[in-house]
Amino acid sequence: MILQKIRTENMYLYYGNKMALNNVSISIPEKQVTALIGPSGCGKSTFLRSLNRMNDLIDSVKIEGNIFVDDINIYDKNIDVVNLRKKVGMVFQKSNPFAKSIFDNVAYGPRINGNNNKSELKEIVEKSLRDAAIWDEVKDRLHDSAMGLSGGQQQRLCIARTLAVDPEIILMDEPASALDPISTSKIEELIFQLKENFTIVIVTHNMQQAARISDNTAFFYLGELIEYNKTKKIYTNPDKKQTEDYISGRFG
Amino acid sequence: MSEMEKLRIFDNELKKLNERVINMSHLVEEQVSNAILALNTCDMKLAKQVIENDNMVDKLDIKIDKLCQNIFALQQPVATDLRYIISSLKINNDLERIGDHAVNIAKRIEPFCNYMSFSKKFGIDELANTAVSLYKDVDQLIKTHQLVLANDIFHNALIIKDNCHKASEKIIEEMMHQSEVIVVATNLMIIINLIERIASYSTNVAEAIIFVVEGKIVKHQKRNEEH
Amino acid sequence: MILKRFKRDAKGFFFEGLTLVSALIIITILIVMLVVIIIGGKSMFTWEFLTSFPTEGMTQGGIFPALFGTALMVIIMSIAAVPFGVITAIYLTEYAKENSVIARSIRFAVRTLAVIPSIIFGLFGLGFFIKFVGTGMDSAFMGGQLKWGQPNILWASLTMALLTLPVVIVSVEEALKTIPRELREASLALGATKWQTIRRVVLPGSYSGIMTGTILAVSRGAGEVAPILFTGAAYYLATLPGSLSDQFMSLGYHIYIMTTQSANVDQTLPIQFGTTLVLLLLTFSLNIVAIILRYRIRRRRIA
């Protein structure tokens, strides 16, 4: 039986008075890749960012309904956001390494958690970089600045940095949208490998990418979850006409 | 949502594909009708024309294949578009086979005509005509995508197949009594077999159209007689 | 038609000329000023001038105590103004809501502080630091004995710190804003707290901005006279300031005295030029360093 890692129930999200998510109920299975697709402004990124409470940073955001991670309501008053974010990591659209060395970038998470044991940090950094399929490219220059890496390498470094915190869920917000096709395919391969151990939720504008890498696809439109289904089903015979029109490029 | 729908460049390609498949279907319809007419009237000239026209069918077949190939490569179709193009490829293939069988019938008219009286005994002309009207339904179905036609096709194809079997059995029985008819009877058996194949391919086309419209795969299902 | 075009061209030519002339005037003034000061002060610009005390009733000798006093004053000023300014800037960019009443009030206050005439700061320093705080300290800790309730280098430096605070706040705020939102989000998404994010990501990235602010403040403070006029600067001192409660000499004030209060103004003219040249070189070089640092921040922002 497949475990449902994330579950939302009748979730509404407002920016001030503007409704951005309208009654979203979804169950996201463990150790699978779930893609969120839809035209710009449809709420998919907003939805993604509410799963690790990154929306908390925006003052005007108000959320109604429930979001459960492992059956724990993450908007409960007793929830420690910092711990939540360790469990639910995030990779962003623009690769955003810190202006530090490659090593220090990956060690950042463990260090803020109070781990200053040199040999342990070394181990974590190597493992994370290996898991992010970038170890071989950087192992000889771990103490060089991360800014000297190519865009694709930077993005894999950012994934390694996220892995170093040992999350269970990884949220990805268009992680390959700024990359060339070769870097993109490396990221896609990586995502495919990562789903062995992690639950991955990915926002993408690239329909073919969603089709290639995801197990489930959720189509958002105007803040509503229009259709949520197996990716194979969505791309061969979607239930909703809106989904069909969007994925076959008739609008959006 | 509907007012946001836009015409894609891709839609022109799909329209072109649709037109070509319809043309192909008409062309094959002509081939089948003419082949059967030539068979029933022993019109050798018409038979020759059917044989010659086959290269038109072949050319169109290649054009449709290439168009589908291009759409796959360049447009990465999904959903209905994807199903439509997959089906077009299959339908195109089936139509081309039906066209081939029309030609094969035309090729066997000459030896067969010498024994007209013999063939009349088994109602081959009747059987051949039902195949023509079956194919007319297929042609309509390709043009209109009206699924009610598909059901007619399944139904009539079964009847034709059944009649073909019955006719074959009769011929075999005849051959056992009169050994001198073996040559003509064999020819006749081949023609019956070709008619049966046409019915069979017609069923395939109908299944492909259902796949386009409903997204359901209906082939390899046991269809009972009431269908 | 031709006439009209001629008129139009003439008009354009006239205004182009006007702007060019204005620009030339400004450059000329600057060049004349520099040339006069350099020619006048060049002969005085010696190691000895910089390192010796004034002699002969300040008509001879060097400017060492003024140089030392200015340096000490800006150091104390920076120790007060920079941490305070950085903390305020951090509050404004990281904690305060962009359009909250409190953030808007602080920004308004900073802007207002920046345009208050410097003599007012001097008066404020006199009234607040010396009369209020200093006298209060004397009566509380010194048993009424006069120690803090009079002008000294501490009160002068703190008054100057008030004057330069807006410079620090604005520079640091600008630098903090160049740290991309993505970096803060990356840190927060890794489970860092807000303070961890500021300390490990935001502040290290704003280092050159903080430096710029400090240098601009120092450069401003080194040249100002009015705020220290009543709060700590001395006409002449035979010794260097040895504690925070001592008075001090400063370059700007020294120039002022030499030109207006000297027994023999004509005789001290070379010293005036020399001191002016030293002050000018000091503020120029500080400003150039600040410009270079700021340029580096801007380039990073574009990249």
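Of note:
- Per-residue average of Cβ from other chains inside 10 Å of A:92-100: 5
- Cα-based helix-to-principal-axis angle, B:182-214 vs chain B, degrees rounded to 10: 20 degrees
- Among the DSSP helices (H) of chain C, those spanning at least 18 angstrom by Cα along their long axis with an average Kyte-Doolittle hydropathy of 0.0 or more are C:2-42, C:64-90, C:101-115, C:153-177, C:207-223, C:269-302; this is a geometric and hydropathy rule only.
- List B:16, B:107, ordered by accessible area with a 1.4 Å probe, largest first: B:107, B:16
- For the range A:57-115, the fraction of 1.4 Å probe accessible surface lying on carbon and sulfur atoms is 45 percent.
- Nearest-ten-degree value, helix B:44-75 long axis tilted from longest Cα axis of chain B: 30 degrees
- In a reduced charge model with +1 at each Lys and Arg Cβ and -1 at each Asp and Glu Cβ, chain C shows a dipole moment near 1700 debye about its Cα centre.
- Dimensions of chain A along the principal axes, based on C-alpha atoms and rounded to the nearest Å, stand at 53, 43, 38, largest first.
- When each of the peptides C:160-172, C:15-27, C:101-113 is scored by the mean number of other C-beta atoms lying within 10 Å of its residues, the order from highest to lowest reads C:160-172, C:101-113, C:15-27.
- Ligands, DNA and RNA aside, residue A:56 has an accessible area near 60 Å² when probed at 1.4 Å.
- Lys, Arg +1 and Asp, Glu -1 on Cβ, resulting dipole of the protein assembly as shown about Cα centre, debye, nearest 20: 2540 debye
- Surface burial for A against C, with a 1.4 Å probe and both sides summed, reaches about 1700 Å² of accessible area.
- Charge-dipole axis of the range A:51-130 as Lys and Arg at +1 and Asp and Glu at -1 on Cβ define it, positive-most pick from A:124, A:66, A:84: A:124
- Within 10 Å of each Cβ in A:79-85, the average number of Cβ atoms from other chains: 3
- Order of exposure, largest accessible area first, which applies to B:177, B:26, C:254 with probe 1.4 Å: B:177, B:26, C:254
- Cross-link pairs B:59/B:136; A:195/C:194; A:62/A:87; A:86/C:194; A:87/A:230; A:31/A:62 - those with Cα-Cα distance over 20 Å: B:59/B:136; A:195/C:194; A:62/A:87; A:87/A:230; A:31/A:62
- Part-to-part distance (alpha-carbon centres) for the range C:215-280 and the range A:35-81, which is given in Å: 62 Å
- Cα gyration tensor, the range B:67-163 - rounded (a/c under 1.5), prolate or oblate: oblate
- Divide the volume of the convex hull around the Cα atoms of the range C:79-118 by the residue count and you get 61 Å³ per residue.
- Accessible surface of the range B:3-226 [probe 1.4 Å, protein heavy atoms]: carbon and sulfur percent: 52 percent
- Shielding by other protein chains, B:74-81, mean Cβ within 10 Å: 6
- Area of residue C:195 that stays accessible when all protein chains are in place (1.4 Å probe, Å², to 10): 130 Å²
- When the Cα positions of C:109, C:243, C:198 are compared along the charge dipole of the range C:42-302, C:198 comes out farthest toward the positive end, with charges on each C-beta of Lys, Arg, Asp and Glu.
- Label-point separation, residue A:58 to residue B:59 (7 Å along Cα→Cβ), nm: 6.0 nm
- Burial of 40 Å² or greater, the range C:180-200 residues [accessible area, probe 1.4 Å, versus chain by itself]: C:182, C:183, C:185, C:186, C:188, C:189, C:190, C:191, C:200
- Chains B and A together, accessible area buried on both sides, 1.4 angstrom probe, square angstrom: 1400 Å²
- Nearest-0.05 FRET efficiency for residue B:140 and residue B:177, computed from C-beta distance (R0 41 Å): 0.45
- Three-way shape label, the protein assembly as shown, alpha-carbon gyration tensor, a/c 1.5: prolate
- Derived scalar couplings ³J(HN,Hα) [the range A:38-48; Karplus, 6.51 cos²θ - 1.76 cosθ + 1.60; whole Hz; x for Gly, Pro]: x, x, 3, x, 7, x, 5, 5, 4, 4, 4
- Here residue C:33 and residue C:147 are evaluated by their C-beta separation; at R0 = 35 Å the FRET efficiency comes out at 0.25.
- Rolling a 1.4 Å probe across all protein chains gives residue B:46 an accessible area of roughly 30 Å².
- To the nearest ten degrees, helix A:118-131 and the longest principal axis of the Cα atoms of chain A are 50 degrees apart.
- Cβ-derived FRET efficiency at R0 30 Å, residue C:235 paired with residue C:132, nearest 0.05: 0.75
- Distance (nanometres) between label positions extended 7 Å along Cα→Cβ at residue B:15 and residue C:139: 9.6 nm
- Percent of Cα pairs in the range C:94-237 per distance bin of 10 Å, from zero to the largest separation: 11, 28, 27, 20, 11, 2, 0.
- Probe 1.4 Å, all protein chains present, accessible-area order of A:143, B:220, B:165, B:101, largest first: B:220, A:143, B:165, B:101
- Three semi-axes describe the equivalent ellipsoid of the range B:3-226; taken as square roots of 5 times the Cα gyration tensor eigenvalues and ordered largest first, they are 37, 19, 12 Å.
- Using Cβ point charges alone (K and R +1, D and E -1), the dipole size of the range B:3-226 about the Cα centre works out to roughly 340 debye.
- For the range C:201-280, the set of chymotrypsin sites (Phe, Trp or Tyr not before Pro) satisfying both a DSSP loop assignment and a count of at most 16 other C-beta atoms within 10 Å is given as C:235, C:236.
- Between the listed residues B:146, B:69, B:201, the Cα displaced farthest toward the positive end of the dipole of chain B, a dipole computed from Cβ unit charges relative to the Cα centre, is found at B:69.
- Modelled this way, with points 7 Å down the Cα-to-C-beta line, the labels at residue C:177 and residue A:3 are 4.7 nm from one another.
The values are calculated or read from the model by the stated rules, or taken from the named source; none is laboratory data. All figures in this text were calculated on a predicted structure; none of them were measured in a lab. Note: ideal-geometry Cβ built from the backbone for every residue, glycine included; neighbour counts use all protein chains shown. What goes into the accessible areas is simple: the full protein's heavy atoms, side chains included, and nothing from ligands, DNA or RNA. Shrake-Rupley method; radii C 1.70, N 1.55, O 1.52, S 1.80 Å.
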